[in-house]
Amino acid sequence: MRKSKYWYKLDNAAKIFPAVSQDERSNVFRLSFYLDEIVDPDILEQAVNQLLPRFETFSVTLKNGLFWNYFSHNHRPFSVEPEVAQICKYFKPVQNNGYMFKVYYLDNKITLETFHALSDGTGALHFLKSITFNYFKLRGFDLSSDDKILSEKPYSKKESEDNFVSNYDKNNKLNLKEDKAYHITGESFNQHWVLLLKISFHTKSFLKMVKEKYQVTLTQYLTALFAFSIYSESLDFVGKKKPIKALIPVNLRPYFDSVTLRNFSLYIKASYEANKPKWTLEEMLEVTKAQFAEQLDKDILHGRISALVGFEKNFFIRILPLALKTIAFKIGYNILGESISTVSFSNLGIVDLPESMKHKVIDADFVNAGYGIAMTGITIHEKTNILLASPLKDLSIMNFFVQHLVKEGIDVTIDTNYREGYDEIL
Amino acid sequence: MRYCKNCHIHYDTDLDHCMFCNQELEKNEENPSFYKFSIIKKKSRAKFFYRFFIFLNIISALVSIYVDYLSGPPLSWSWVVAVTNGYIIVMFLLMWPASLWTSRLSKIIIVSGLTIILLGLAINDYAWAIDYVFPLAILMNMIILTLLILLNRKKWFEYFGNLLILAIIGLIPGLLNLIDITTVTWPSSATFTYAVVTLLGIFILPSKSSREEFKRRFHI
């Protein structure tokens, strides 16, 4: 039954985003599916609107309370739009019928751009899979969901649960102090435009290479290579005190038996010191492997969750009016938020589609246009897509990254949102 | 598909040259590549004019104060110009970003009321502003929001926040009256009474849905 009224407190990860988001820092991420046919916008819009009552956590609008923001039910009709040129563009919910996600169409592509306060990559992927499945159903295709499409399953209250709060343990808090990280600087594109470089390769042959040659995982290898590319192309890194830090979001659902569609991920970090005079890729891989093993521990993750939730449970923070909290969040984020990371790498993993849908969704993108160069990964049909999103005009780090993959014997295919002639505009 | 012989990279887009080495790409006509994103257009100059308009108003205020100062203190007419320029800037900033029309209306009425008081102060005749304009503007806005709530009960919670803020502001004219800053009683008393009744209504007569709205708005 469709609920007429409901509301949610923002989860721990979401609380800061409304205060700190703007044109330069949208905190919006993108998921796209490329279909085997041209998208019909009317049917797509119908598909989204039919699904919204099922996806309560997406069918909301952001409201201001006296002390905190909150999500309130939103029953307004949702409109799909033609895709815009700017990837992960900042938008105001009031211009989007109150909704905090956008659904775009372009030729054979359906794109879901989600404000991070609403959900993380895993939650948004469930939503996009359901939208696409419903779209094909409305187009008249007889598809079987194989238990892989959330909208075909009954609603569970656990989908709307704030699992940061439900896993809070006040006796198990870790210290979250973070040192500052090295920053990549350079000239940016105009109009908040973000350059996207999509690097595709065959997953199995890549996994074979990283396992046999380096005994690491795909994520560990790409994290280390990303850091090694920055180290190799940043002439001012060695001798500086700040390390290269790659933040890697970890999906916490498997660790804490969660099925929530709301945010439930936490960053781990791979850190490479600047005081070491020379790094090799092999050394970076060793460091990455060790740091992953150390941080991917349920007790440590639990301690970090508790520390984060403990912060929002602090009495003095709670009683601070929202307007003052917003100012404090802005100042805090400007001082600390971006200073603790050099880059990020978010690997969403495999897009698990029902058998009947596999030939209808031919490719997928996952983009997170964050601070500096943001790397994301998604695997579909034996193919892994690594997407590098950068607001900077300098391509040397990306070039090093791609050239190294080629040197490793990987057959690389590139796609980009760059076009000849863009230099005059951007 | 296209290929860079120099970098050994395949390109699945319609670029003619390699992004990294700028070499011409080899084209495979049997397997053509397409651009898969929306094409960017040149930026409109609207934002420049927006900033230029604000800049002109600031210059206008500063020049007026300077010219007025040259003719000898105390400053007189330039305050009127400066307050007007300030009002135009604030209104422009309020109107530019998208927001709910009820929220805009409340902000416009509050800013306009305060501007009229400032204009009154600038010409050393502010009694009419705080006696009549400010309380009646708040009263009118509270009545509009009350009517909206009564006429559109399904969306009452959309107007609730604004009404609560206005009711609290509506207490000010009554307090000014108590400490003898205002001289005409009835507009301030009417606004104060309406504000008190509204606040009492909000706090004493809560329905299940208004209790829920309180819980949302004041959750800590």
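State whether one or more residues within the stretch A:9-18 are among the small types (Gly, Ala, Ser), more than 22 Å from the chain's Cα centre (by Cα) and in a loop (DSSP other than H, G, I, E, B).
no
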**OP:** Scan the stretch A:251-265 for residues that are of a type in the set (A, V, I, L, M) and surrounded by 19 or more Cβ atoms within 10 Å (Cβ to Cβ) and jot them down.
**Re:** A:LEU252, A:LEU261
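Would you call B:LEU175 more than 28 Å from the chain's Cα centre (by Cα), open to solvent by 50 Å² or more (accessible area, probe 1.4 Å) and either closer than 30 Å to A:ASN69 by Cβ or modelled with pLDDT of 85 or more (or both)?
It is false that B:LEU175 is more than 28 Å from the chain's Cα centre (by Cα), open to solvent by 50 Å² or more (accessible area, probe 1.4 Å) and either closer than 30 Å to A:ASN69 by Cβ or modelled with pLDDT of 85 or more (or both).
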**OP:** Would you mention how many residues in the stretch A:280-298 are closer than 19 Å to A:SER341 by Cα and in a loop (DSSP other than H, G, I, E, B)?
**Re:** 1
Subject >> The lone exception for B:ASP125 - which of (1) outside any helix (DSSP H, G or I); (2) within 14 Å of chain A (Cβ to nearest Cβ); (3) of a type outside the set (A, V, I, L, M) it fails >> reply: (2)
**OP:** Filter the stretch A:193-213 for residues that are aliphatic (A, V, I, L, M), outside any strand (DSSP E or B) and open to solvent by less than 20 Å² (accessible area, probe 1.4 Å) and give the result.
**Re:** A:VAL194, A:VAL210
Subject >> Evaluation of B:VAL80 against (1) more than 14 Å from chain A (Cβ to nearest Cβ); (2) over 30 Å from B:LEU121 (Cα atoms); (3) touching a Leu at 6+ places or on another chain (Cβ under 7 Å) (one fails), failing number >> reply: (2)
Original post:
Here are some residues: A:ASN190, A:ASN167. Which one is surrounded by fewer than 16 Cβ atoms within 10 Å (Cβ to Cβ), over 19 Å from the mean Cα position of the chain (by Cα) and either modelled with pLDDT under 95 or closer than 30 Å to A:TYR231 by Cα (or both)?
Top reply: A:ASN190
Subject >> Pair list, Cβ under 7 Å, 6 or more apart: the stretch B:17-40 residue at the interface with another protein chain (Cβ under 8 Å from one of its Cβ atoms), other residue of a type in the set (Phe, Trp, Tyr) >> reply: B:MET19/A:TYR418; B:ILE40/A:TRP193; B:ILE40/A:TYR422
Subject >> A:MET209, sole failed condition from (1) within 23 Å of B:LYS36 (Cβ to Cβ); (2) away from chain B (no Cβ under 14 Å); (3) not hydroxyl-bearing (Ser, Thr, Tyr) >> reply: (1)
Subject >> Pair list, Cβ < 6 Å and 6+ apart or interchain, from the stretch A:85-110 residues that are facing chain B (nearest Cβ under 7 Å) and open to solvent by less than 20 Å² (accessible area, probe 1.4 Å) to residues that are outside any helix (DSSP H, G or I) and modelled with pLDDT of 95 or more >> reply: A:LYS109/A:SER32; A:LYS109/A:TYR34
**OP:** Please find, within the stretch A:19-47, the residue that is farthest from the other protein chains (Cβ to nearest Cβ) out of those that are surrounded by fewer than 20 Cβ atoms within 10 Å (Cβ to Cβ) and touching a Leu at 6+ places or on another chain (Cβ under 8 Å).
**Re:** A:GLN46
**OP:** Could you tell me which residue of the stretch A:58-84 is nearest to A:ARG318 (Cα to Cα), considering only residues that are more than 10 Å from chain B (Cβ to nearest Cβ) and open to solvent by less than 10 Å² (accessible area, probe 1.4 Å)?
**Re:** A:VAL60
Original post:
Could you give every pair whose Cβ atoms fall below 6 Å, whose first residue belongs to the stretch A:400-417 and is closer than 17 Å to A:LEU195 by Cβ, and whose second residue is of a type outside the set (A, V, I, L, M, F, W, C) and assigned to a helix (DSSP H, G or I), counting only separations of at least 6 or pairs across chains?
Top reply: A:PHE400/A:SER229; A:PHE400/A:SER232; A:PHE400/A:GLU233; A:PHE401/A:SER229
Subject >> Which numbered condition B:THR13 fails, given (1) open to solvent by 60 Å² or more (accessible area, probe 1.4 Å); (2) farther than 30 Å from A:ASN96 by Cα; (3) within 14 Å of chain A (Cβ to nearest Cβ); (4) β-branched (Val, Ile, Thr) >> reply: (1)
Subject >> Any hit, the stretch B:168-181, residues being part of a helix (DSSP H, G or I), more than 30 Å from A:PHE316 (Cα to Cα) and either hydroxyl-bearing (Ser, Thr, Tyr) or within 14 Å of chain A (Cβ to nearest Cβ) (or both) >> reply: no
**OP:** List every residue pair whose Cβ atoms lie under 9 Å apart, where the two residues are 6 or more positions apart in sequence or sit on different chains, the first residue falls within the stretch A:303-320 and is touching a residue at least 40 places away in the same chain (Cβ under 8 Å), and the second residue, located anywhere, is of a type in the set (Gly, Ala, Ser) and crowded, with 17+ Cβ neighbours inside 10 Å.
**Re:** A:LEU308/A:ALA13
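Out of all the residues in the stretch A:376-421, which are more than 29 Å from A:GLU212 (Cα to Cα) and assigned to a strand (DSSP E or B)?
A:ALA389, A:SER390, A:LEU392, A:THR416
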**OP:** Taking the options B:LYS47, B:LYS107, B:LYS41, name whichever one is under 30 Å from B:ILE179 (Cβ atoms) and of a type in the set (D, E, K, R).
**Re:** B:LYS107
**OP:** Run down A:GLY377, A:GLY337, A:GLY332, A:GLY349 and say which single residue is open to solvent by less than 50 Å² (accessible area, probe 1.4 Å) and on the phi > 0 side of the Ramachandran plot.
**Re:** A:GLY349
Original post:
Residues of the stretch A:390-422 being farther than 16 Å from B:TYR11 by Cβ and either within 10 Å of chain B (Cβ to nearest Cβ) or open to solvent by 50 Å² or more (accessible area, probe 1.4 Å) (or both), which ones?
Top reply: A:LYS393, A:ASP394, A:SER396, A:PHE400, A:LYS407, A:GLY409, A:GLY421
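The values are calculated or read from the model by the stated rules, or taken from the named source; none is laboratory data. Since we're looking at a predicted model, the values are computed, not measured. Ideal geometry is used to build each Cβ from the backbone, glycine not excepted, and the neighbour counts take in all protein chains shown. In case anyone asks, the SASA skips ligands and DNA or RNA and just uses the protein heavy atoms, side chains included. Shrake-Rupley method; radii C 1.70, N 1.55, O 1.52, S 1.80 Å.
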